Structures are given as C-alpha cells and as structure tokens.
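Please treat every number below as a calculation from the coordinates, not as lab data. All values reported here derive from a predicted model rather than from experimental measurement. No Cβ is skipped: glycine too gets one built from the backbone with ideal geometry, and neighbour counts run over all protein chains shown.
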Amino acid sequence: MSDEVRDELIETPNRRGSGAFKWDLAGEDEIPMWVADMDFSVAPEITDALRRRIEHPIFGYTGVPDSYRNALAHWEVRRNQWEIDPRHMVVVPSVMPAMAVAVEALTTPGDRVVTFSPVYFPFFETVKTMGRTLVRVPLVERDTVDGGVQYAMDYTALAEALEGAALFLFCSPHNPGGRVWTQSELMTLHQTVSSADVPVIADEIHSDLVFPGERFVPWLAVGPATERDMALVAPSKTFNIPGLPTATAIIPGDTWRDGYKRALNAHMLRLPNILALTAAEAAYRHGDRWLDTIQETIQQRYAQLRRVLTPEPGVRVHTMEGTFIAWIDLRERWGMPRGHSPAPLPASAAVPDEAAGESVSMRFGRIARRQGVWLSDGSQFGPEGEGFMRMNIATSERNVAEGVARFRRALQEFDTR
C-alpha cells in the first residue's frame, strides 16, 4: 500500500477533551500508552453509517437485525475462513460482561477455573469476584528466529490443572503477549481440554488484529466443539469503537445457547445498543480496506519499537504476531530470574496484593509517568507478568518515538535509584 493511501486512511486526531479517558486522565504533556484503545480515526464508513442513523430523531428499543448477523458471518468467512451459522450468534453488551455471565452459568462457587498466565487481568477479577477457584498455568517462553522471544503453551501442566476443573478461559490472540496461536498449537490444546472434558470460553476480541502474513484460527474451527464451548468476538478493538460496546457470543450447542440466553435475561442483559449495532454492521460490511491499513501500520510501529529497544541492555520485546500492545521484558535489566515454573499455581497470587506494597513493575511505572509516558505494569496480568511493561503502540509514529524515548529515560532513572 502506498504512503498516500495509508495517510488518507490513517489519522491520529487530538483526543484530549473528547471524552477519551486515557487522554483526559493524562498529564498535559504525558503520552498515555496503557489502555488498549487505538488513536486512529475509525473507518469513514462507520461514521457515515452513524451519521445516517442519527438523522432519524428517535433512538428507541431495538432488536438484532438479520443484516447484522449476516454481516458478521460474511466477515468471518472473508477474513478467517470461518463459516458461522447465524443462529449460533448471541449478541451481548461486550466481551467481559458476556464472559462473566458464562462463568456464573457454567460453574458454581469454589469450582476450579483454569487459565494461562500472564493474561488480560479481568479474567482473574471475574473468577475471584464470583468466588471460584482460579488456577493459573504459566505460559513458557521460547526464542524466535528473529532473535526475540514469545510465549508457548505447556500442555503437560495444563492437563494437570484441568483435572477436576469446571472451565477453561482462553485468550486468542494472546493479550498481553501478542501471540497468534498456530493451527498446530490449537489442535494440541483442543485435544488436551477435550480429554479433560472441560468447556472452553475463548476470548477472541483481537482476532482480526493480526499482522500481514499471520493467520488467526478460530477456536470453534479447530475441532468438534463440546456442547458447552463458546467464542466471544467483537468489533471494539478491531475498529476502535470500544465506546460503542457490543460483542457476539458464538455458541454451537443448542442446549448451552438456550441456557446462556436465560442467564443473560436473568441479569437483564437483553437489549442491544442501536448505535453500537449500526457501527458494528458498517464495520463488518465495509471495513476491510481500513483494517488492512491498520494492520500494516501497527506492524510498522512494532518494527519501530524493536529498532530502538533491541540495543538497550537487558530489554527484550516479545515477538508480536498480532494485537497492538507490545510486551516488554525488563527482568534481565532488573536482575530478576527469567522463566516460569511449568507447574500450575494456586490463585493466592493471581492479582497483586495492594497490602503487600508495590511490585517492581509498578514502581517503574511511576517513574515512567514522571518522565511523561503512561504504561501498564506487567504485574497486573498475573505474577508471571512481574518485570514486564505493556505498551500500546496504536498511535502516531511521533508518539511512539517520543514514548519510547521517555521509556528509555525512565530506565536510566530507575537504574540509578
């Protein structure tokens, strides 16, 4: 794609004062690179569709039109070669509320719920809040051909953790590691959870944000789904519309799908948002060209980040294959041990204990903010994330360059403490 076409599609307008809390909470000269929303203007087809809809002066209760289900079904065929029966779709408010309802419906208090770690921290919060027993299976690390490092699954440890478990929560592509799991990896994972007869909830919110040359494989397309498996997809991350939240649960099993609908109704999560559906349908119908450009742009930002940080002593950037959040390993820089135990770990350390004081990552995060860049500290994503920082690179080239420069200054200040 030419630079002219890219510039036409990709803009990074000033978001301060627009209700974007990551910018409005930031200091006057601070660059917020923590929460996972992008700074790119949305596809023009989305704003056009919203503009047409708001020309009608009434915004009443609405249902889910067949046109939305068909748009999503055609999108998945085009982008991921995944054929979904529209009858299997259940529209939900957003991914994490949908997951919370499913966890509550599929388990009872005290049940063991398994997930890999590090992982998106609301997984931990959901399980903990509902009184279930969280079991973390640490991801292991492997070197990559480009001189980087990436996460891999420990199937032996997972099989042990799944014994007697009620549910497995799976993040694909992986947040915060940026992994796009391969067909081979997913087939082995499928065999492991199927042998344990444990249902799977797959959070696939980043499924369309994969780099050119990578392929996302939907969980429900890997092998025969169990009666209680489900996948959650959403346009929010893909098209940068998290302020218009909606998502879709894909549930092939008739009995579980009916039960899940009853569980949603019990929480009064029945009605969709008319503007969110309008934006989502327009995105799924017309967003291909815009997304292709976004994927290339984020890959360029990642290459920009790697060029600057690779020479930095004791710093390793995980090899990204998708998403727009970089996972930066500082353990060697800080004299911390690398690698994780392959044994499943109990829930006691799943979320950093505030009473125990700040983690190293949290302390560094405070210094980084003082230097003018706001990052996510890795300890949020489980104790396996201690010694890491997460950086949102879906912003302008200038912001990435300045944010990384401030990050390096924070490292230098931290080293002298």
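One equal scatterer on each Cα of the chain, no solvent, Debye formula: the resulting log10 I(q)/I(0) at q = 0.06, 0.07, 0.09, 0.13 Å⁻¹ is -0.24, -0.32, -0.55, -1.20. Result for the chain in a Gaussian network model with C-alpha springs under 10 Å: among Arg398, Arg53, Arg301, the largest mean-square fluctuation is at Arg398.
Convex hull volume of the Cα atoms of segment 103-168, normalised per residue: 78 Å³. Would you mind telling me which residue in Asp37, Asp143, Asp329 has the biggest mean-square fluctuation in a Gaussian network model of the chain, where springs connect alpha carbons within a distance under 10 angstrom? In the Gaussian network model the winner is Asp143. Under the simplified labelling scheme, the Val140-Arg78 pair shows an inter-label distance of 4.1 nm, with each label point 7 Å from Cα along Cα→Cβ. Springs between Cα atoms under 10 Å define the GNM used for the chain, and in it the highest mean-square fluctuation of Ile393, Ile298, Ile274 occurs at Ile274. Each residue of segment 58-69 is assigned a 3J(HN,Hα), and the resulting list reads 10, 10, x, 4, 9, x, 9, x, 4, 4, 5, 4 Hz, derived from the Karplus form 6.51 cos²θ - 1.76 cosθ + 1.60 (θ = phi - 60°), x at Gly and Pro. In whole percents, the pair-distance distribution calculated for segment 54-150 from its alpha-carbon pairs, binned every 5 Å from zero, is 2, 9, 13, 12, 12, 14, 17, 11, 5, 3, 2, 0. When you count the other C-beta atoms within 10 angstrom of each residue and take the mean per peptide, 318-325, 211-218, 100-107 line up highest first as 318-325, 100-107, 211-218.
Beta bridges from DSSP with both residues in the chain: antiparallel share about 55 percent, rounded to the nearest 5. Among the chymotrypsin sites (Phe, Trp or Tyr not before Pro) found in segment 57-129, those both in a DSSP coil and sparsely packed, with 14 or fewer other Cβ atoms within 10 Å of their Cβ, are Phe59, Tyr61.
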